[in-house]
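Notes for the one structure printed next.
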Amino acid sequence: MDPDLRRRLEAVVGPAHVIDDPDTRASYETDWTRRFSGRAAFVVRPASAGEVAGILQICRTAGIAVVPQGGNTGLVGGSVPRAGEAVLSLRRLDAIEDFDEVAGEVTVGAGVTLERLQQHVRAAGWDVGVDLASRASATIGGMVATNAGGVRVIRFGPMRHQLIGIEAVLADGAILRRLPGLLKDNTGYDLPGLLAGSEGTLAVITRVRLRLVPLRPARAVALLGLPALDAALRVVRAVRRAAANLEAAEVFFPEGLDLVLRHARLAPPFPRPHPCYLLLECAGPADPAPALAAALEPLADPAATLLAVDRADRDRLWAYRERHTEAISAEGIPHKLDVTLPADRLAEFESAVRARLAALRPAARPILFGHAGDGNLHVNILGLDPDDDAADGAVLELVASLGGSISAEHGIGIAKKPWLSLTRSPADISAMLAIKRALDPGAILNPGVIFDPEPVAVPPPAPDLP
Ligand code: FAD
Ligand code: MLT
Ligand code: ZN
């Protein structure tokens, strides 16, 4: 590393937080799936928005691109370097501040993990509206940057819906601050909303203000074995009407359950396998179990229905669904696709995608699971060469032909970039590129993620005035 560059970075963050030895860099260079990795020029770990601004100014002048990184749990290759970029790790921005227990709002550093925030606000009777299986490592900044979804979108929406303020640093080092958390504030463009889902390409998020939801400790979980996905979707529709407090509706299939049973060493939920499994969770101020049981009574086979109320029993049922991601990765390096379909095309997609993959790549092992209530299926494919993306293209073309989206909640990253135009029009893409060029003309923020903007010449920063 150039000694002068090192000296300037160390002056901003201190010598302990500029890392270029290969062993320490390694964990920042490969993504969670192990499918994407690249060498970083260096890793730098700021502890405040001011330090982020200082680093961006140095990198911009030196012509070094930057990959913002939170918990590195992203699944589309956008959190790791590809061509010698610097990794800007935001994990030291880990303060929880200004928790308004009356309004149910909190300001959180970008590097706070979801689990830590959950523990903090739950102690005061509040909860975070978004929940994910990666909660122990995923950071709030990364979750906003990806507009993460998770298992409660049917009730509370994705991360963008929880966001009421943001602090972020632009490519030129300017700091945007919109943190007061006013619920009503129609003063021009909604910049926090724009940064949600921008995947580190428009600004570095340093703090966010979130609206919280009331903690609902009374919960009931049902796991059903069903003959097919369309039967599961009928149950979801009926329970949604009958039990207003439905919070999660998740599906999985025997091939995924088999992997979970094997890798997590769990006992099967039912004496015999079923073609499709549906997990439902209801939550409210009062015990939701009686209403859930009553709603399921005319719909479900009692021999293929489990109902859990106690925490340990609920967690046991959730493990069959939540442990899919790790079980799949323990089996191999998957191609991970994450698609939404209109509700009335989801079952058709599920059978068509299996047929299409079998015809195109007979060795492919599709493992499907996801958020049935949102029309969101995760299509994971094992048995493919990491660089063979013909199957990815075939699946995403099918999605587009059925009116769906090629990314429901994980984002585009680099994994889905070749197919962005399947579900985004030329006008959409040029509007997004115009925003990218306006905010980051030198293309130093996560270049190559979502699309490949051409950098435009940026004049050097003006010399500091005395
Ligand atoms: P990273 O992986 O570090 O980064 C993700 C992207 O955000 C990158 O493009 C990065 O450059 C950018 N970024 C990170 N921090 C910042 C910042 N402060 N400012 C600007 N840009 C930034 N996702 C879902 O949506 N729903 C799920 O249910 C879900 N379940 C998961 C379960 C498991 C077991 C795993 C491993 C992942 C899961 N994910 C899920 C994916 C992942 O956890 C989310 O995408 C999460 O939001 C990423 O957060 P992170 O802090 O790890 O971000
Ligand atoms: C999930 O819903 O479990 C995730 O989005 C993670 C995955 O797709 O593997
Ligand atoms: Zn998901």
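The values are calculated or read from the model by the stated rules, or taken from the named source; none is laboratory data. Treat the numbers as computed from the prediction; the structure is a model and nothing was measured. Backbone-built Cβ (ideal geometry, glycine too); neighbour counts: all protein chains shown. Please note that ligands, DNA and RNA were not included when accessible areas were found on the heavy atoms of the full protein model with its side chains. Shrake-Rupley method; radii C 1.70, N 1.55, O 1.52, S 1.80 Å.
General observations
- Inter-residue pairs, beta-carbon under 7 Å, first in contact (Cβ under 8 Å) with a residue 24 or more places away in the chain and in segment 342-358, second open to solvent by 70 Å² or more (accessible area, probe 1.4 Å), 6+ apart: ALA347/ASP230
- If you go through segment 281-319 and keep only what is small (Gly, Ala, Ser), more than 14 Å from ligand 1 (Cβ to nearest atom) and either open to solvent by less than 50 Å² (accessible area, probe 1.4 Å) or more than 30 Å from the chain's Cα centre (by Cα) (or both), you end up with ALA283, GLY284, ALA286, ALA289, ALA291, ALA293, ALA294, ALA295, ALA300, ALA303, ALA304, ALA308.
- Just one of (1) assigned to a loop (DSSP other than H, G, I, E, B); (2) open to solvent by 50 Å² or more (accessible area, probe 1.4 Å); (3) of a type in the set (Val, Ile, Thr) fails for ILE435. It is (1).
- Which listed residue is within 16 Å of ligand 2 (Cβ to nearest atom) and touching a helix residue (DSSP H, G or I) at 6+ places or on another chain (Cβ under 6 Å), from GLY77, GLY71: GLY71
- Filtered by the rule that a residue be under 20 Å from the mean Cα position of the chain (by Cα) and either at pLDDT below 95 or under 30 Å from PHE349 (Cβ atoms) (or both), segment 201-232 gives a lone residue, THR201.
- For first residues located in segment 191-207 and closer than 16 Å to CYS59 by Cβ, partners that are in a loop (DSSP other than H, G, I, E, B) and β-branched (Val, Ile, Thr) and lie 6+ apart or on another chain with Cβ distances below 9 Å form the pairs GLY200/VAL449; THR201/VAL449; THR201/ILE450.
- Residue count for segment 241-251, restricted to those that are under 13 Å from PRO288 (Cα atoms), at pLDDT below 95 and either open to solvent by 40 Å² or more (accessible area, probe 1.4 Å) or under 26 Å from the mean Cα position of the chain (by Cα) (or both): 3
- Of the strands (runs of 3 or more DSSP E) lying entirely inside segment 187-269, those containing at least 1 residues that are within 28 Å of ASN72 (Cβ to Cβ) are 204-211, 246-252.
- Between ARG155, ARG178, ARG160, the distinction of being among the basic types (Lys, Arg), touching a residue at least 40 places away in the same chain (Cβ under 8 Å) and more than 15 Å from ligand 2 (Cβ to nearest atom) belongs to ARG155 only.
- Cβ pairs under 7 Å, 6+ apart, first in segment 320-338 and within 18 Å of ALA148 (Cβ to Cβ) and open to solvent by less than 20 Å² (accessible area, probe 1.4 Å), second in a helix (DSSP H, G or I) and not hydrophobic (A, V, I, L, M, F, W, C): HIS324/GLY256; LEU337/ASP392
- Residue within segment 102-124 that is touching an Asp or Glu at 6+ places or on another chain (Cβ under 7 Å), within 16 Å of ligand 3 (Cβ to nearest atom) and at pLDDT 95 or above present: no
- Only one of the numbered conditions (1) outside any strand (DSSP E or B); (2) buried (at least 17 other Cβ atoms within 10 Å of the Cβ) is violated by HIS378, and that is (1).
- Odd one out for ALA168 among (1) more than 27 Å from ILE435 (Cα to Cα); (2) within 8 Å of ligand 1 (Cβ to nearest atom): (1)
- Scanning segment 96-112 for residues that are in contact (Cβ under 8 Å) with a residue 24 or more places away in the chain and in a loop (DSSP other than H, G, I, E, B) yields a count of 6.
- You will find that of SER405, SER401, SER421, the residue that is open to solvent by 20 Å² or more (accessible area, probe 1.4 Å), hydroxyl-bearing (Ser, Thr, Tyr) and either modelled with pLDDT under 95 or within 16 Å of ligand 2 (Cβ to nearest atom) (or both) is SER405 and no other.
- Every test in (1) of a type outside the set (Asp, Glu); (2) outside any helix (DSSP H, G or I); (3) closer than 18 Å to ILE175 by Cβ is passed by SER79 save one, and that test is (3).
- Filtered residues of segment 131-159 (kept if more than 22 Å from ILE414 (Cβ to Cβ) and either away from ligand 1 (no atom under 13 Å from the Cβ) or open to solvent by 30 Å² or more (accessible area, probe 1.4 Å) (or both)): ALA133, ARG135, ALA136, VAL153, ILE154, ARG155, PHE156
- Qualifying residue in segment 113-123 (condition: in a loop (DSSP other than H, G, I, E, B) and open to solvent by less than 40 Å² (accessible area, probe 1.4 Å)): no
- Every pair of residues 6+ apart whose Cβ atoms lie under 7 Å, when the first sits in segment 18-30 and is within 19 Å of GLU51 (Cβ to Cβ) while the second is open to solvent by 60 Å² or more (accessible area, probe 1.4 Å) and of a type in the set (D, E, K, R): VAL18/ARG6
- Any hit, segment 210-222, residues being within 26 Å of LEU445 (Cα to Cα) and either open to solvent by 10 Å² or more (accessible area, probe 1.4 Å) or basic (Lys, Arg) (or both): no
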